[in-house]
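The values are calculated or read from the model by the stated rules, or taken from the named source; none is laboratory data. Remember, predicted model here, so these are calculated numbers, not experimental data. FYI the Cβ positions are ideal-geometry reconstructions off the backbone, even for glycines, and counts take in every protein chain you see.
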Amino acid sequence: MVTIISWKHYIAIKTGIYSLCLFLLSSINIKIMQAHFEKRYAFSPGETKSMVTEELRKNFLISKLFEADHIHLTLTHYDRYIAGGAMPVNETLQLSNPDYLKASYFLERREMGIINVGGQGNVTVDGVVYELQFKEALYIGKGAKEVSFSSADKSNPAKFYINSAPAHHAYPVKKITAKEAEIVEVGSPETANHRVINKLLVNSVLSTCQLQMGMTELKSGSVWNTMPAHTHDRRMEVYLYFEVPEGQSVCHFMGETRETRHIWVQNEQAVISPEWSIHSGAGTSNYTFIWGMAGENLDYGDMDHCAINELK
């Protein structure tokens, strides 16, 4: 049987198909535009100590991590570490594969750690969905091909903080909550550094190649983190500051122990810390920060300490 349609219906069908194609193309364009990739070069202590404020911020501060329906990634040449953020609001965000990695897919030769600093959300790894609540973590081992991010409620979107480092072995995906974490309380109100260290993705909790991540929460009235200060010449580190109250800031200290510099950091901004640099901070209020690191070993206690009264 042959169905005959009028010219008017033909035009309507053709217009509908054209509109559908435009919609699909528009969706593809949005997906392509979601990932923002930036790379930062490494600098020696000698180069760094001559930098003015603008240069320090340009080379070590990651000012934008979370933007609605976008993924931001920054690769530093210190141990080829990547720090970034994914903030799905109206759609699911697919982790793309930056050409700079020269890999078939993002985690072909990498591992990844994720900590949610926003509302409830899901991370889907090769078809398996992992629900992450506020301050819960997920480790993804080398070889995972597809990773995507979504929020449970767009009015309170998830904010997935991402760290990634090169990997030589494939360890299984694992979710870590406060129940599984190693939690240590250190410092005191008298020295304004009373804090709780949550060791989330460390070798005492799960197996990783070189990536380690955790979260430190400062108690009310305490403002100093990582004081006394230290370096660890075998590992670099990145700090993400969050839960910084509106109108408040954190002064992050970096540089060699006898040649320190500082960067003022706002809420949900991160600072890259080279192996040779201290990484400490003092806020105008208490706050929380996530530390992520990678390098030659997985020894959390491998630190070269500096006495407070010897800092310059």
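On the basis of being in a strand (DSSP E or B) and either on the phi > 0 side of the Ramachandran plot or in contact (Cβ under 8 Å) with a residue 40 or more places away in the chain (or both), does Val238 make the cut? Yes, satisfied. Pairing residues of segment 91-107 that are assigned by TED's automatic domain parsing to the domain that holds Leu73 and over 30 Å from Ser155 (Cα atoms) with residues that are charged (D, E, K, R) and surrounded by fewer than 17 Cβ atoms within 10 Å (Cβ to Cβ), at Cβ distances under 6 Å and at least 6 apart in sequence or on separate chains, gives Ala103/Arg109; Tyr105/Lys145. Does any residue of segment 256-272 turn out to be surrounded by fewer than 22 Cβ atoms within 10 Å (Cβ to Cβ), closer than 17 Å to Tyr81 by Cβ and at pLDDT below 95? Taking every residue of segment 256-272 in turn, none turns out to be surrounded by fewer than 22 Cβ atoms within 10 Å (Cβ to Cβ), closer than 17 Å to Tyr81 by Cβ and at pLDDT below 95. Among the conditions (1) of a type in the set (Asp, Glu); (2) out of contact with any Asp or Glu (no Cβ under 6 Å at 6 or more places or on another chain); (3) outside any strand (DSSP E or B), the only one that Asp233 does not satisfy is (2). Taking the conditions exactly as written (among the aromatic types (Phe, Trp, Tyr), over 30 Å from Cys306 (Cα atoms), in a loop (DSSP other than H, G, I, E, B) and within 17 Å of the chain's Cα centre (by Cα)), does Phe149 satisfy them or not? Here the answer is no, as Phe149 does not meet what is asked.
Here is the figure for segment 35-88: residues that are in a loop (DSSP other than H, G, I, E, B) and either over 19 Å from Asn122 (Cα atoms) or at pLDDT below 95 (or both) total 14. Filtering Ala158, Ala165 for residues that are buried (at least 17 other Cβ atoms within 10 Å of the Cβ), at pLDDT 95 or above and in a loop (DSSP other than H, G, I, E, B) leaves a single hit, Ala158. Looking only at residues of segment 273-303 that are of a type in the set (Gly, Ala, Ser) and assigned to a loop (DSSP other than H, G, I, E, B), we find that the one that is surrounded by the fewest Cβ atoms within 10 Å (Cβ to Cβ) is Gly301.
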